[in-house]
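Here is the structure we will look at.
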Amino acid sequence: QVHLMESGGGLVQAGGSLRLSCTVSGSGLSIHHMGWYRQEQGKQRELVATITDGGRTNYADSVKGRFTISRENAKNTMFLSMSSLKPEDTAVYYCEASVNPISYWGQGTQVTVSS
């Protein structure tokens, strides 16, 4: 059984920073790509950033230069460092991991940016 657990969301003022974490647990893990997605209320889920097991990254244009995705393969953990946050970054953030190579999702963590 594979389980993803996100943490680090919360309320922050515009211009502030937050760091999200996502840890994958389970037996016999072989994690390929991982990613962060977000969903605003009433809208479709959208890609924020992805990272391969080799460390290659990809970002949505809206977060380039402000967000940084990283991972610690030895700990099966992924991070999203967010800075210069804007009210439009407010959403539920979900982590996704391709494991063996089925796609798994976390339960989401709320990020709220006040103006």
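The values are calculated or read from the model by the stated rules, or taken from the named source; none is laboratory data. Worth saying up front: this structure is predicted, and the values here are computed from it rather than measured. All Cβ positions, glycine included, derive from the backbone under ideal geometry; neighbour counts span all protein chains shown. Note: accessible area is taken over every heavy atom of the protein model, side chains too, but ligands, DNA and RNA are not part of it. Shrake-Rupley method; radii C 1.70, N 1.55, O 1.52, S 1.80 Å.
Against the condition touching an Asp or Glu at 6+ places or on another chain (Cβ under 9 Å) and either polar (S, T, N, Q) or open to solvent by less than 30 Å² (accessible area, probe 1.4 Å) (or both), how does residue 73 come out, does it pass? So residue 73 passes the test. A Cβ distance below 8 Å, combined with a sequence gap of six or more or placement on separate chains, defines the contacts here; from segment 68-96, residues that are under 16 Å from residue 11 (Cβ atoms) reach residues that are of a type in the set (A, V, I, L, M) and surrounded by fewer than 18 Cβ atoms within 10 Å (Cβ to Cβ) in the pairs 85/12; 85/14; 86/14; 87/14. Hey, could you check segment 77-95 for residues that are open to solvent by 10 Å² or more (accessible area, probe 1.4 Å) and in contact with a Ser or Thr (Cβ under 6 Å, 6 or more places away or on another chain) and say which is nearest to residue 35 (Cα to Cα)? Per the criteria, the residue is 79.
Screening residue 86 on (1) of a type in the set (D, E, K, R); (2) in contact with a helix residue (DSSP H, G or I) (Cβ under 8 Å, 6 or more places away or on another chain); (3) closer than 21 Å to residue 17 by Cβ shows it passes everything except condition (2). So is residue 17 of a type in the set (Gly, Ala, Ser), surrounded by fewer than 18 Cβ atoms within 10 Å (Cβ to Cβ) and in contact with a Lys or Arg (Cβ under 7 Å, 6 or more places away or on another chain) or not? Considered against the rule, which asks whether it is of a type in the set (Gly, Ala, Ser), surrounded by fewer than 18 Cβ atoms within 10 Å (Cβ to Cβ) and in contact with a Lys or Arg (Cβ under 7 Å, 6 or more places away or on another chain), residue 17 comes out as no. I'm checking my understanding of the structure. Among residues of segment 23-47 that are among the charged types (D, E, K, R) and in a strand (DSSP E or B), which one is most open to solvent (accessible area, probe 1.4 Å)? Ranking the candidates gives 46 first.
So that you can scan it fast, the table gives a plain yes or no per residue for (1) over 22 Å from residue 110 (Cβ atoms); (2) more than 12 Å from the chain's Cα centre (by Cα):
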{"site": "3", "(1), (2)": "no, yes"}
{"site": "18", "(1), (2)": "no, no"}
{"site": "42", "(1), (2)": "no, yes"}
{"site": "56", "(1), (2)": "yes, yes"}
{"site": "89", "(1), (2)": "no, yes"}
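When residue 101 is tested against (1) open to solvent by 50 Å² or more (accessible area, probe 1.4 Å); (2) within 18 Å of residue 3 (Cα to Cα); (3) out of contact with any His (no Cβ under 8 Å at 6 or more places or on another chain), exactly one condition is not met: (3).
Taken as a whole, the structure leaves residue 50 outside the set of residues that are over 28 Å from residue 28 (Cβ atoms), assigned to a strand (DSSP E or B) and open to solvent by 20 Å² or more (accessible area, probe 1.4 Å). Of the residues making up segment 2-60, those that are among the acidic types (Asp, Glu) and either touching a Phe, Trp or Tyr at 6+ places or on another chain (Cβ under 9 Å) or at positive phi (or both) number 2.
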